[in-house]
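The values are calculated or read from the model by the stated rules, or taken from the named source; none is laboratory data. Note that the coordinates shown come from a computational prediction; the quantities given were computed from them, not determined experimentally. Cβ placement follows ideal geometry from the backbone for every residue including glycine, while neighbour counts extend to all protein chains displayed.
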Amino acid sequence: MTNLVVEAVEDAIRALPDRPGIYVFRDARGKPLYVGKARSLRKRATSYLRGPFDARIGRMLMEARRLDSVLADTEAEALALENSWIKTKQPRYNIRLRDDKTYPYLKLTLRDDYPRIVFTRRIVRDGGEYFGPYLPAGLARRAIKLVQKLFQVRVCHIEIDGSLPRPCLYHGMRRCLGPCVEGLTDLDAYTRAVDQAKLFLAGRNDQLLKELKGQMWAASEAQDFEEAARLRDLIAEVEEIGARRNVASVRGEDVDIYGIHSAGGNVAVTVLVMRGGQVMDRRELFWEGEDEVDPSVLLSEVLPQIYDVTPFVPKELHLPVPIEGGEALAEWLGEKKGERVYVRFPSRGQKADRVALAVRNAEMAFRRRFRAEGRSSAAVRSLVKHLDLGERPQRIEGFDISHFQGAQTVASLVVWEEGRMRKGDYRSFNIRDLDGPDDFLAMNQAVARRYRRVLEEVGVMPDLILIDGGRGQLNAALEALSVLGVEETPVVGLAKREEELYLPGRPMPLRLERSDPGLQLLQEIRDESHRFAVARHRRRRKKATLRSRLDEIPGIGPKRRRQLLTRFGSAAGVAAASQDELAPILGPKLAMRVSTQLIPSPDEGAGDESPDS
């Protein structure tokens, strides 16, 4: 073969010892290009002098100008070291899968003096410690409640300075230590609770129980019997939770079953998550490459990345192909789980049938993902480029306001996710306490109400927020997000007529070509939010009109009005009711009068075609 390795790198390869460790190829500026692990550094690295290898590694070798190494005691330790380097250095030529389903994680905000536990679907470099993914997703919310109950770690987003006069209900429910009020707790006690929560979320119950028992006996010797009793009860609950997990494992299989499908440099990986003998979820991960990659190479690189961030390690992994370093992976997973873990490659029987099913799921995921990618990838790439987004937006939420001369103001929320509108996630907000038309205040109220509820219910934050309007509406939304403490979410305003984009921190609007796919996607979301806002406004206005006309009919007082609404559900229901249906409540004469006066006039709704927005 033609030697792609420069002389300095070749000399470094030949000088490597016959010991476990990791090797790091670097470019001329010293930036890591590729990190690999090996049972024998010398034997593994000399393979780069012989080949064969795929085009991805070939391009890497052409750029490499240096080779460094870090020794380890075992291959499993080298695997953990490799995974740590890939996660922190993010070398360009290592494979990192993307999870399009955005499974939920839990994060402890360790940069805060008093960290809080947060539900999130994105992992970013913000100093927090992440746990997950949680499969099925409901486990994440249950885990938050357990952390609140067991360790009283806060979930609120307020600034903690001890200045509040009284704590919230969580403190009274013994779900928070109450750092917001001076004297209820101190930094040492709160930090100890956070450390215990970290052990619990990481699944390290043995270490947690050891620490708790030590604290319990110390409290008992100090005759702090109330604290000792609290720790005793906490120990009992942690032991019970651990026992339930063990029982579930004994009663049925805990297995992750992998399927993989690749074509044209793109790869789809499906994981069937089996817990207690039942398939609980299906996880899909994707890699968009330029060249074909061997499935065994891909799995050997990404499996440590997958299990590095989750405390839920199964008893077995069933893979479609053997991988290099399977024994080291099993040893490393066993250390994380605290018991032996098996990495298997079944070729017959029920286990092989399950792997075949996972492979078929991977094929379907591949077709679904990359067919949709062909339609929306250009738009997403454009948004990343022009809006300076840190990552590809998978979920965009759009807001609009609709009213008629300030009356019956309604805000709409629509959701675009993974290439299509998610109508099941749409929401609308009846805007209150407005003195006349005020789109800015209405937008502020809608955004605040939406994301306050998301934070309270530990829901999903979008990757991008789209505001229908210009600088004023954008600033109103930014103010609401700032109060809630979620300023990191990107926001853009799209103004009508000129179709200009308004971005925070940019004094001038951004104009894209009308043919730009990113602009067209934002226009599609904006138009859908406008349609939804107008529809909800019309419904609210019609209800208000009918209710007002019902109040004007002589003989209809509060009692009868309440009876009618209870019987027919709404003023519109009363208007649609027949005279015979109204008679049991109103009597024949009044029923005829109501039925006659509530017949919609031909011009009812005039002016609704263009509500202000």
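For the range 396-427, give me the residue count where each residue is under 19 Å from Val380 (Cβ atoms) and modelled with pLDDT of 90 or more. Residues flagged as under 19 Å from Val380 (Cβ atoms) and modelled with pLDDT of 90 or more within the range 396-427 amount to 6. Residues in the range 476-499 that are under 17 Å from Lys385 (Cβ atoms) and in a loop (DSSP other than H, G, I, E, B): Pro490 only. Taking the range 1-27 on its own, how many of its residues are within 37 Å of the chain's Cα centre (by Cα) and either exposed (fewer than 12 other Cβ atoms within 10 Å of the Cβ) or in a strand (DSSP E or B) (or both)? Going through the range 1-27 one residue at a time, the tally reaches 6.
Taking the condition of being assigned to a loop (DSSP other than H, G, I, E, B), of a type outside the set (D, E, K, R) and more than 20 Å from Ala448 (Cα to Cα), how many residues in the range 500-509 meet it? I'd like the intermediate steps shown before the answer.
Keep residues of the range 500-509 that are assigned to a loop (DSSP other than H, G, I, E, B), which gives 500, 503-509.
Checking which are of a type outside the set (D, E, K, R) leaves us with 503-505, 507-509.
Narrowing the set further to residues that are more than 20 Å from Ala448 (Cα to Cα) leaves 505, 507-509.
Residues in the range 500-509 being assigned to a loop (DSSP other than H, G, I, E, B), of a type outside the set (D, E, K, R) and more than 20 Å from Ala448 (Cα to Cα): 4 in total.
Considering (1) closer than 21 Å to Asp527 by Cα; (2) assigned to a loop (DSSP other than H, G, I, E, B); (3) modelled with pLDDT under 85; (4) not charged (D, E, K, R), say which one Pro393 fails and leave the rest. Result: Pro393 fails condition (3) only.
Residue count for the range 288-301 satisfying the condition of being crowded, with 19+ Cβ neighbours inside 10 Å and in contact (Cβ under 8 Å) with a residue 40 or more places away in the chain: 4. Of the numbered criteria (1) surrounded by fewer than 18 Cβ atoms within 10 Å (Cβ to Cβ); (2) outside the structural domain of Ser529 (by TED's automatic domain parsing); (3) over 21 Å from the mean Cα position of the chain (by Cα), the one Gly472 fails is (2).
Among the listed residues Leu303, Leu299, which satisfies the condition of being more than 23 Å from Leu106 (Cβ to Cβ) and modelled with pLDDT of 80 or more? Spell out the reasoning first.
On the way: Leu303 fails: more than 23 Å from Leu106 (Cβ to Cβ).
One residue alone meets the criteria, Leu299.
Among residues of the range 493-523 being modelled with pLDDT under 90 and small (Gly, Ala, Ser), the one that is nearest to the chain's Cα centre (by Cα) is Gly505. When Arg354, Arg432, Arg449 are checked against the criterion of being in a helix (DSSP H, G or I), assigned by TED's automatic domain parsing to the domain that holds Leu484 and more than 30 Å from Asp516 (Cβ to Cβ), a single residue qualifies: Arg449. Among helices (runs of 4 or more DSSP H) entirely within the range 524-603, having at least 2 residues that are modelled with pLDDT under 70 singles out 571-576. Residues that are of a type in the set (S, T, N, Q), outside any loop (DSSP other than H, G, I, E, B) and touching a residue at least 24 places away in the same chain (Cβ under 8 Å) occur at least once in the range 360-371.
Exactly one residue out of Glu499, Glu528, Glu479, Glu487 is without any contact (Cβ under 8 Å) to a residue 24 or more places away in the chain and either touching a helix residue (DSSP H, G or I) at 6+ places or on another chain (Cβ under 7 Å) or buried (at least 19 other Cβ atoms within 10 Å of the Cβ) (or both), and it is Glu487. Test Val341 against the stated conditions and say whether it is under 28 Å from Leu199 (Cα atoms), out of contact with any helix residue (DSSP H, G or I) (no Cβ under 8 Å at 6 or more places or on another chain), aliphatic (A, V, I, L, M) and modelled with pLDDT of 85 or more. No.
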